[in-house]
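For reference, the structure is listed below as structure tokens.
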Amino acid sequence: MSREAGASPAPPHEYAACEPVPPQAKSIGFGHMLAIWTGANANNGTWYVGGVVAGASFGGAALATLTANPLAYLVMALVGLIGFRTGVSTMALTRPALGLSGSMLPSLLNVVQLVGWNAVNTFIAAISVTYILHYWIGTPPFGSPGDTGPLLVGLGLMALLNMLSILYGHRSVKVMECLGTVAILALGLWETVLVLRDVPLAAIWRWSPPEGQLMPVGRAVDAMAAFSLGWVPVIADFTRYCRTRSAATLAPVLGANLGLFWFAFVGIICTIAAAVTTGVYDPNLSDPSSTAARLGLGALAFVIILLASVTTNAINIMGAGISMTNCLPRLRAMPALWITALLSVALSLVPLFLASFLESFILFLDGIGMLFGPLFGILLADYFLLRRPYLAAELTNPDGPYRYQRGVRRSAVLAWALAVGGFLAFKQIPAMTDGPGCIFPSLLLAALLHVLLSRPGRGVQPLGLKSE
């Protein structure tokens, strides 16, 4: 029915996890997806993880960055393609692979990891607020006695901005990313020029970490892989809205790699340059706010860092909220976004009580790689190797082809559990931690196990039967 002349437009609709996006609602083109994923990675977290892997020296950090991230974004593109074809979210896509009930676990894990990322970015942005307040009214900046009050002000401001960033769901995200991408890329260029003006690139290339602080290359690969794989659980939440296949696959890969390469290398260079000039390597101070303070960039730099955090958090909140609707089908999408935004605010207070933010950050990355690497190995093997049809209309049907035995596809869950165990075993092998890392081998192991356990004659019945 057409809308009457003069009637107010219908309010924007955000589709829940298992609710297919119809063709007329596909509103994201190539340029917008490019901006979204460039902005998603041109952020404080990417800068910080670059500083963390600088412990592998410039050569090792560069090798890890240039190999792990393109591989992770290839996984992202393939999952994004499935989302584009089916019109549903990433966590809804785990229903055919794991079962209607089996998909609840990855959905809950995804809510936790995205809320966690939001808290990390919010805390880093609050650091910037302490410097802004220091310039404006003279309050103590981060790392100085009495900085708790300014940090709380920063966390409160970020909570408000996070709420505004998802006011209209994915439409708000499009606007936020377009605004933030240009500003944060300009800041990265600005800081890079200033650093290289004072510290030659040759000195950065020759630098080695102090004894006992060297990070094995495999650990750096895993840190980068986990960082980038952390985006895969939300990719279909956006590609389901894409108008073309290239917008759903090529655009996010180009944007994510562009943003990550730029800002990871800014983090690597700035952290090593600080170690060269001061003689002290401290990855805890590799965040952009601390770097901007050391370079004396002024309040404008901290405002841009704040904006970068908001653009990234918009994606995290969006993904966490949509994942929540996969666990609670009766929960509408927009209320779920508000709930996850509030949870993120509460979790962002946790770093105030941590002894070491860096150690918690690395542990967080390990958890992402251990759990989500194997999960997406199973999903990709299920869809592309076993060539199972993913029927959007059956994703919520308790009597449909994805019910399996009590809603759980046991062979897939077993493959996931075994691959997680494989990750933990690989961590004990020096040849893995010094070489390829543990995440991608565990992803491949999960895919192989899933294919083997799903073969006819292995106790798995064809699609559509009641049990496995």
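The values are calculated or read from the model by the stated rules, or taken from the named source; none is laboratory data. Not measured: the values here are computed from a predicted model. Quick reminder, even Gly has a Cβ in these numbers, built from the backbone with ideal geometry, and neighbours come from all protein chains shown.
Exactly one condition in (1) modelled with pLDDT of 75 or more; (2) on the phi > 0 side of the Ramachandran plot; (3) of a type outside the set (Phe, Trp, Tyr) is false for residue 254; which is it?
(2)
Among the residues that make up the range 383-391, is at least one of them hydrophobic (A, V, I, L, M, F, W, C), in a helix (DSSP H, G or I), in contact (Cβ under 8 Å) with a residue 40 or more places away in the chain and surrounded by 14 or more Cβ atoms within 10 Å (Cβ to Cβ)?
Checked the range 383-391: no residue is hydrophobic (A, V, I, L, M, F, W, C), in a helix (DSSP H, G or I), in contact (Cβ under 8 Å) with a residue 40 or more places away in the chain and surrounded by 14 or more Cβ atoms within 10 Å (Cβ to Cβ).
Looking for whichever is on the phi > 0 side of the Ramachandran plot and modelled with pLDDT under 80 here; the options are 188, 143. Which one fits?
The match here is 143.
Checking the condition under 19 Å from residue 389 (Cβ atoms), surrounded by fewer than 23 Cβ atoms within 10 Å (Cβ to Cβ) and small (Gly, Ala, Ser), which residue from 83, 87 passes?
Matching residue, one of 83, 87: 87.
Given 38, 65, 46, which one is crowded, with 24+ Cβ neighbours inside 10 Å, outside any loop (DSSP other than H, G, I, E, B) and at pLDDT 90 or above?
65
For the range 433-452, name all the residues that are in a helix (DSSP H, G or I) and either surrounded by fewer than 18 Cβ atoms within 10 Å (Cβ to Cβ) or modelled with pLDDT under 95 (or both).
433, 444, 448, 451, 452
If residue 293 satisfies all but one of (1) assigned to a helix (DSSP H, G or I); (2) farther than 21 Å from residue 162 by Cβ; (3) at pLDDT 80 or above, what's the number of the condition it fails?
(3)
Within the bounds of the range 198-207, is there any residue that is crowded, with 24+ Cβ neighbours inside 10 Å and either over 30 Å from residue 30 (Cβ atoms) or touching a helix residue (DSSP H, G or I) at 6+ places or on another chain (Cβ under 8 Å) (or both)?
No, because not a single residue in the range 198-207 is crowded, with 24+ Cβ neighbours inside 10 Å and either over 30 Å from residue 30 (Cβ atoms) or touching a helix residue (DSSP H, G or I) at 6+ places or on another chain (Cβ under 8 Å) (or both).
Restricting to the range 271-290, name every residue that is under 19 Å from residue 227 (Cα atoms) and modelled with pLDDT of 75 or more.
Residues satisfying the conditions are 271, 283.
Report yes if residue 399 is within 25 Å of the chain's Cα centre (by Cα) and modelled with pLDDT under 95, otherwise no.
No: the conditions fail for residue 399.
Taking the conditions exactly as written (touching a Leu at 6+ places or on another chain (Cβ under 8 Å), more than 24 Å from residue 120 (Cα to Cα) and surrounded by fewer than 24 Cβ atoms within 10 Å (Cβ to Cβ)), does residue 78 satisfy them or not?
Criteria met by residue 78.
Of all residues being assigned to a loop (DSSP other than H, G, I, E, B) and at pLDDT 85 or above in the range 146-181, which is surrounded by the most Cβ atoms within 10 Å (Cβ to Cβ)? Just the residue, please.
Per the stated criteria, the residue is 147.
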